[in-house]
Amino acid sequence: MNSSGWIEFRFSKADIHFNDMNQYSSTATLKPLSINDLAAMKQRGEKISCLTAYDASFSALIDKVGVDMLLVGDSLGMVVQGQHTTLPVTVRDMVYHARCVSQARQRAFIIADLPFMAYATPVMAAKNAAKLMQLGGAQMVKLEGPKIDCVSFLVDQGIPVCGHLGLLPQSINQLGSYKVQGKEQGAAEKMLADALQLQQAGAGLLILECVPAALAKDISAQLTIPVIGIGAGVDCDGQVLVLYDMLNIGIGKRPRFSKNFMSDAANIEEAIHAYHQAVKQSLFPAAEHSF
Ligand code: KIV
């Protein structure tokens with residue numbers, strides 16, 4: 001621990017072994033993807049693949065397969081820490097896991113979640129985002145809800161931001177249950193307006209969680225920034241899943257919008273590869289994973 005109480009991380013690139021790096025053509029370049037690369041993928045209609053990651057080993061494996069983005073999600077509170085919600089996750093937890101992930105990746109773009117109450121004000125958001133970027137190695141931070149003032153402030157400081165609309169797990173105690181959002185016309189119109197405002201404020205990406213497929217299609221078409229869906233249908237610009245759900249190793253019941261990619265795979269690497277290919281070819285999510 002250093003004098004400010006933060007744990008220091010000392011990994012060396014030489015400690016990380018990549019087997020058969022040329023197996024996947026998309027890892028031919030070892031330069032990390034940038035937000036411009038992701039924007040260009042939307043422009044040319046190439047789907048963006050994303051998985052959550054919380055540690056170095058999975059980070060290296062997912063990166064090796066060629067998945068475009070790694071999300072260090074605060075879902076780690078549930079799937080790694082065994083908490084009932086994401087609320088107990090701290091900034092320190094997020095920095096620790098972001099650091100583990102960023103040390104091991106070569107190409108994938110890294111987003112880290114600002115956890116519950118880490119962006120109660122724009123200044124708090126900036127201080128905590130700086131920790132995720134400077135100590136955790138994140139390239140972008142994600143925050144839940146239409147927090148337009150926080151997004152503008154972060155973007156003004158040069159911090160790339162990913163918005164998150166639809167089901168907001170950090171608001172579970174207000175929502176009461178994890179359910180589809182934006183089903184009624186008023187709620188759908190508000191979500192579209194919020195998405196446009198987030199883009200206007202400078203957000204570089206948007207995640208839509210548990211949203212009717214038709215609404216997610218409309219939002220993806222109206223926004224110029226990439227829209228990544230989770231339970232939001234196949235017409236988003238990309239897809240994200242919680243890693244442990246798609247490997248079928250989560251503690252609780254797998255959500256309907258996820259899929260067990262292990263069932264037809266010989267090993268974890270094959271399952272991640274199948275997911276990546278299914279996203280790129282618009283084969284996932286199918287109708288049964290959508291609302
Ligand atoms: O924390 C997380 O893993 C997320 C995804 C569900 C999008 O925010």
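The values are calculated or read from the model by the stated rules, or taken from the named source; none is laboratory data. As the structure is a prediction and not an experimental result, all values here were calculated from the model. Note that each Cβ is placed from the backbone with ideal geometry, even for glycine, and that neighbours are counted across all protein chains shown. The accessibility values were calculated without ligands, DNA or RNA, using every heavy atom of the protein model including side chains. Shrake-Rupley method; radii C 1.70, N 1.55, O 1.52, S 1.80 Å.
When region 61-97 is examined, which residues are found to be small (G, A, S), over 18 Å from S34 (Cα atoms) and open to solvent by less than 20 Å² (accessible area, probe 1.4 Å)? Talk me through it step by step, then tell me what you get.
Just the residues of region 61-97 that are small (G, A, S), to begin with: 66, 73, 75, 77, 82.
From what is left, the residues that are over 18 Å from S34 (Cα atoms) are 73, 75, 77, 82.
Across region 61-97, the qualifying residues are G73, G77.
Among the residues of region 165-187, is there at least one that is part of a strand (DSSP E or B) and crowded, with 17+ Cβ neighbours inside 10 Å? It would help to see each step written out before you state the result.
So in region 165-187, the residues part of a strand (DSSP E or B) come out as 165-166.
Filter once more, so that each one left must be crowded, with 17+ Cβ neighbours inside 10 Å: 165-166.
Scanning region 165-187, I find at least one residue that is part of a strand (DSSP E or B) and crowded, with 17+ Cβ neighbours inside 10 Å, so the answer is yes.
When you scan region 206-221, do you find a residue that is outside any helix (DSSP H, G or I) and of a type in the set (G, A, S), even just one?
So the first thing to find is which residues in region 206-221 are outside any helix (DSSP H, G or I), and the list is 206-212.
Of the ones still in play, those that are also of a type in the set (G, A, S) are none.
Taking every residue of region 206-221 in turn, none turns out to be outside any helix (DSSP H, G or I) and of a type in the set (G, A, S).
Which count do you get for residues in region 258-267 that are open to solvent by 60 Å² or more (accessible area, probe 1.4 Å) and in contact (Cβ under 8 Å) with a residue 24 or more places away in the chain?
At the first step, the residues of region 258-267 found to be open to solvent by 60 Å² or more (accessible area, probe 1.4 Å) are 259, 263-264, 266-267.
After this cut, where a residue has to be in contact (Cβ under 8 Å) with a residue 24 or more places away in the chain as well, the list is 259.
Total satisfying the criteria: 1.
Taking only pairs six or more apart or across chains, which ones have beta-carbon atoms under 7 Å, a first residue in region 40-58 that is assigned to a loop (DSSP other than H, G, I, E, B), and a second residue that is within 16 Å of the ligand (Cβ to nearest atom) and open to solvent by 30 Å² or more (accessible area, probe 1.4 Å)?
Correct list of pairs: Y54/V80.
So V227 ticks every box in (1) more than 10 Å from the ligand (Cβ to nearest atom); (2) within 15 Å of the chain's Cα centre (by Cα); (3) over 20 Å from L114 (Cα atoms) but one. Which box is left unticked?
Exception for V227: condition (3).
Which number in (1) of a type outside the set (D, E); (2) open to solvent by 10 Å² or more (accessible area, probe 1.4 Å); (3) free of Cβ contacts under 8 Å to residues at least 40 places away in the same chain marks the one condition that A201 misses?
If we test A201 against (1) of a type outside the set (D, E); (2) open to solvent by 10 Å² or more (accessible area, probe 1.4 Å); (3) free of Cβ contacts under 8 Å to residues at least 40 places away in the same chain, just (3) comes out false.
Filter region 274-285 down to the residues that are crowded, with 21+ Cβ neighbours inside 10 Å and outside any helix (DSSP H, G or I) and list them by number. Steps first, answer last, please.
Of all residues in region 274-285, those crowded, with 21+ Cβ neighbours inside 10 Å come to 275-276, 279, 284-285.
Listed by number, the residues that qualify are F284, P285.
Just give me the residues in region 204-219 being under 18 Å from the mean Cα position of the chain (by Cα) and over 21 Å from S152 (Cα atoms), in sequence order.
Of everything in region 204-219, those that are under 18 Å from the mean Cα position of the chain (by Cα) and over 21 Å from S152 (Cα atoms) turn out to be E209, C210, V211, A216.
Report, by residue number, each residue of region 231-257 that is more than 13 Å from the ligand (Cβ to nearest atom), modelled with pLDDT under 95 and either open to solvent by less than 70 Å² (accessible area, probe 1.4 Å) or among the aliphatic types (A, V, I, L, M) (or both).
Passing the criteria: I251, G252.
Where residues in region 117-158 are of a type in the set (A, V, I, L, M, F, W, C), over 21 Å from L51 (Cα atoms) and in a loop (DSSP other than H, G, I, E, B), which of them is least open to solvent (accessible area, probe 1.4 Å)?
Of region 117-158, the ones of a type in the set (A, V, I, L, M, F, W, C) are 117-118, 120, 123-126, 129-130, 132-133, 135, 138, 140-141, 143, 148, 150-151, 153-155.
Still in the list and also over 21 Å from L51 (Cα atoms): 117-118, 120, 123-126, 130, 135, 148, 150-151, 153-155.
Narrowing further to those that are in a loop (DSSP other than H, G, I, E, B): 117-118, 120, 135.
Working: M117: 111, A118: 4, A120: 59, L135: 67 Å².
Among those residues, the one meeting the criterion is A118.
Pick from A214, A271: which is in contact (Cβ under 8 Å) with a residue 12 or more places away in the chain, open to solvent by 30 Å² or more (accessible area, probe 1.4 Å) and touching a helix residue (DSSP H, G or I) at 6+ places or on another chain (Cβ under 9 Å)?
Step by step, each of A214, A271 is checked, and only A214 is in contact (Cβ under 8 Å) with a residue 12 or more places away in the chain, open to solvent by 30 Å² or more (accessible area, probe 1.4 Å) and touching a helix residue (DSSP H, G or I) at 6+ places or on another chain (Cβ under 9 Å).
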